[in-house]
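Below is one structure, written out as structure tokens, with a few remarks after it.
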Amino acid sequence: AAGVIQSPRHLIKEKRETATLKCYPIPRHDTVYWYQQGPGQDPQFLISFYEKMQSDKGSIPDRFSAQQFSDYHSELNMSSLELGDSALYFCASSTRDRSSYEQYFGPGTRLTVT
Amino acid sequence: GEDVEQSLFLSVREGDSSVINCTYTDSSSTYLYWYKQEPGAGLQLLTYIFSNMDMKQDQRLTVLLNKKDKHLSLRIADTQTGDSAIYFCAERYSSASKIIFGSGTRLSIRP
């Protein structure tokens, strides 16, 4: 079965650079979520999109922005990178079907800022 | 996670049962989950329970939910070395909402 695809899997950037992370949800899933997991931390919700509109916002810095495109894939854009942005970034997708209990997580993108 | 609390570490002997506990604050949570994360890896959904249930069993895993005390537990029977990982308790209000994770419990297995 198709899973959530994230690219790249690993990314190394320098401080003040820009990074773009991509997420391809499971086919027919209409909602995408982004989470950030710092070293030794629990995953923290950043932002979500439903049908290409932002549906919820968490602890996402102003330096970050995201969008969902017409094919439902999503991109997380991160500018002016800081050392503290080094983390594992997960994308998850789901449907709003009331019987759907699971958010399907991708394998994550490991971002290292040097 | 500030709304979901877990103890940070648990050490058990191989073959014994492991019990990982979690407390949550949002009584309106509809879904409660247990995720497993191995070092450097992604999040694997182990099991879940709906808020209108009080127990769920799935092979070696047993989830108990006490809604009154907002307490969730995961019991792993016959713990094996492959069970070494961080276990996250998580809650979710609805099928449309974000997941809120606990801080994770690191389970280590001793011979």
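Tabulated results
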| quantity | calculated |
| --- | --- |
| Test: residue in region A:95-113 that is of a type outside the set (A, V, I, L, M), within 12 Å of another protein chain (Cβ to nearest Cβ), in a strand (DSSP E or B) and closer than 22 Å to B:TRP34 by Cβ | yes |
| Test: B:TYR93 is at pLDDT below 95 and closer than 27 Å to A:GLN36 by Cα | yes |
| Matching residues, region B:44-81, being of a type in the set (Ser, Thr, Tyr) and part of a strand (DSSP E or B) | B:THR47, B:TYR48, B:THR62, B:SER73 |
| Test result for B:THR47, of a type outside the set (D, E, K, R) and surrounded by 13 or more Cβ atoms within 10 Å (Cβ to Cβ) | yes |
| Flag for A:LEU46 being among the hydrophobic types (A, V, I, L, M, F, W, C) and either in a loop (DSSP other than H, G, I, E, B) or under 11 Å from the mean Cα position of the chain (by Cα) (or both) | yes |
| Residue in region B:82-93 that is farthest from the chain's Cα centre (by Cα), counting only those that are surrounded by 13 or more Cβ atoms within 10 Å (Cβ to Cβ) and not in a strand (DSSP E or B) | B:TYR93 |
| Single residue of region B:16-29 satisfying the filter (part of a strand (DSSP E or B) and crowded, with 20+ Cβ neighbours inside 10 Å) that is modelled with the lowest pLDDT | B:TYR24 |
| Subset of region A:18-77 (residues that are away from chain B (no Cβ under 14 Å), in contact (Cβ under 8 Å) with a residue 60 or more places away in the chain and among the charged types (D, E, K, R)) | A:ARG28 |
| Test: residue in region B:30-43 that is at pLDDT 90 or above, out of contact with any Phe, Trp or Tyr (no Cβ under 7 Å at 6 or more places or on another chain) and assigned to a strand (DSSP E or B) | no |
| Residue match in region B:68-85 (condition: basic (Lys, Arg) and either within 14 Å of another protein chain (Cβ to nearest Cβ) or in contact with a Cys (Cβ under 6 Å, 6 or more places away or on another chain) (or both)) | no |
| Cβ-Cβ under 7 Å pairs, at least 6 apart or on other chains, region B:97-111 side farther than 25 Å from A:CYS91 by Cβ, far side basic (Lys, Arg) | B:ARG110/B:ARG13 |
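The values are calculated or read from the model by the stated rules, or taken from the named source; none is laboratory data. The structure presented is a predicted model; accordingly, all values stated were derived computationally and were not measured. Neighbour counts are summed over all protein chains in view; Cβ atoms, including those assigned to glycine, are modelled from backbone coordinates with ideal geometry.
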